[in-house]
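The block underneath contains the structure these notes are about, expressed in structure tokens.
The values are calculated or read from the model by the stated rules, or taken from the named source; none is laboratory data. Keep in mind the model is a prediction, meaning the values are calculated, not measured. Cβ placement follows ideal geometry from the backbone for every residue including glycine, while neighbour counts extend to all protein chains displayed. These area figures cover heavy atoms from the full protein model, side chains too; ligands, DNA and RNA do not enter into them. Shrake-Rupley method; radii C 1.70, N 1.55, O 1.52, S 1.80 Å.
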Amino acid sequence: MSQLKTWISALRLRTLPLASAAVLMGASLADLHHSMDYTVTFLCFITAVFLQILSNLANDYGDFTKGTDTEKRLGNMRALQSGNITPKQMRTAIIFFVVCCLLFGISLLYKATDRNLNYNFLLFLIIGIIAIIAAIKYTVGKNAYGYSGLGDIAVFIFFGPVAVVGTFLLNTHFQFNPSNDMLILLPASAIGLLCTAVLNTNNIRDIENDKTSGKNTIPVKLGLKNARIYHSFLIVAALLFLYIYSFMHNFNWVIFFQFPAAMFIIKNLVDVLKTEPSQAYNKFLKELSLGTLLFVFFYAVTNSTAQIWNTVDGIMNIVK
């Protein structure tokens, strides 16, 4: 494999739909509740993708330096494991993406706060720095939290409430009406749960290798049977939260068009439940990642259509 292909592989493009799904959900919720700022959404998307890539590269580096990436690992060949990229090159790439995250993140805050270095700017800057540190510390360093089974919590928080609610607030220029907007915590939590399910799929696949390498992921701690029960909870709870929001906020028959995309995610769940840990999980990872983005797209479109439909229906009733 050439070095260019190795770098492309190291970016793990199949994971990028997760960052995109979180931003799309936040932006669509902003549009439903208040209004969407397209420039802010674009900057949110770029920043989120860079954070995801940073996490992927740091994960490659951390697992390699800890000796976790062995020939027994069932996932695709990692960049450092292949020998085509050196640890020094990977460290340089990590620094490069840290700088990119900071530059685009600050540009995003500059636009969302209307060029004011106020409380919101500083608060979100601190959250962004914490997100960068969390992306690196997942597997890098002596106290890497991914090796203690805390990766699921971090993924849920940063891909769910932080990414979705953060995108919502940045798009609305920090407008938030508790009596109406608190409901967005349901879809925000759902995205966090689906992204955690992607991580859990990865960890179920690598359960044996992680166990021997001292990487105490949730599946290693729970065992394969309970890890699958946990996986079912993540998927079912996520879909339940999404539909509760739709029924409570903007119920209309149009939302039932979301079901085909939901069935794609359910099928993926069934595949994970009936398939023993193997390289087949590489396909499941890609399917769930893309399936999450596909579902969010249908979710955003149908909820917007339902809102328009309800508004038109209300006007027609007034006219009558």
| field | Criterion: more than 30 Å from residue 64 (Cα to Cα), at pLDDT below 85 and buried (at least 19 other Cβ atoms within 10 Å of the Cβ) - qualifying residue of 303, 317, 252, 310 | value | 303
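Just to check your reading of the model, which residue among 35, 28 is in a helix (DSSP H, G or I) and among the hydroxyl-bearing types (Ser, Thr, Tyr)? Walk me through it before giving the result.
Working: 35 fails: in a helix (DSSP H, G or I).
Result of the check over 35, 28: 28.
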| message | Return the pair list, or none, for Cβ contacts closer than 6 Å from residues in the range 78-95 that are within 21 Å of residue 14 (Cα to Cα) to residues that are assigned to a loop (DSSP other than H, G, I, E, B) and open to solvent by less than 70 Å² (accessible area, probe 1.4 Å), at least 6 apart or on different chains. | response | 78/69; 79/85; 81/69
| task | Could you tell me which residue of the range 128-143 is farthest from residue 166 (Cα to Cα), considering only residues that are in a loop (DSSP other than H, G, I, E, B) and without any contact (Cβ under 8 Å) to a residue 24 or more places away in the chain? | result | 142
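I need the helices (runs of 4 or more DSSP H) fully contained in the range 188-255, keeping only those with at least 2 residues that are within 19 Å of the chain's Cα centre (by Cα).
Values: elements: 207-213, 218-222, 224-250.
The qualifying helices (runs of 4 or more DSSP H) are 224-250.
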| Does the range 85-106 contain any residue that is crowded, with 21+ Cβ neighbours inside 10 Å and at pLDDT below 90? | yes
| remark: Flagged in the range 106-127 as outside any loop (DSSP other than H, G, I, E, B), touching a residue at least 60 places away in the same chain (Cβ under 8 Å) and not aliphatic (A, V, I, L, M), in numbering order, are 107, 111
| query | Does at least one position in the range 162-171 carry a residue that is open to solvent by 30 Å² or more (accessible area, probe 1.4 Å) and β-branched (Val, Ile, Thr)? | reply | yes
| message | I'm checking my understanding of the structure. Among residues of the range 216-237 that are open to solvent by less than 70 Å² (accessible area, probe 1.4 Å) and out of contact with any Leu (no Cβ under 9 Å at 6 or more places or on another chain), which one is modelled with the lowest pLDDT? | response | 216
| Which of (1) in a helix (DSSP H, G or I); (2) surrounded by fewer than 19 Cβ atoms within 10 Å (Cβ to Cβ); (3) touching a residue at least 24 places away in the same chain (Cβ under 8 Å) is the odd one out, the single condition residue 182 does not satisfy? | (3)
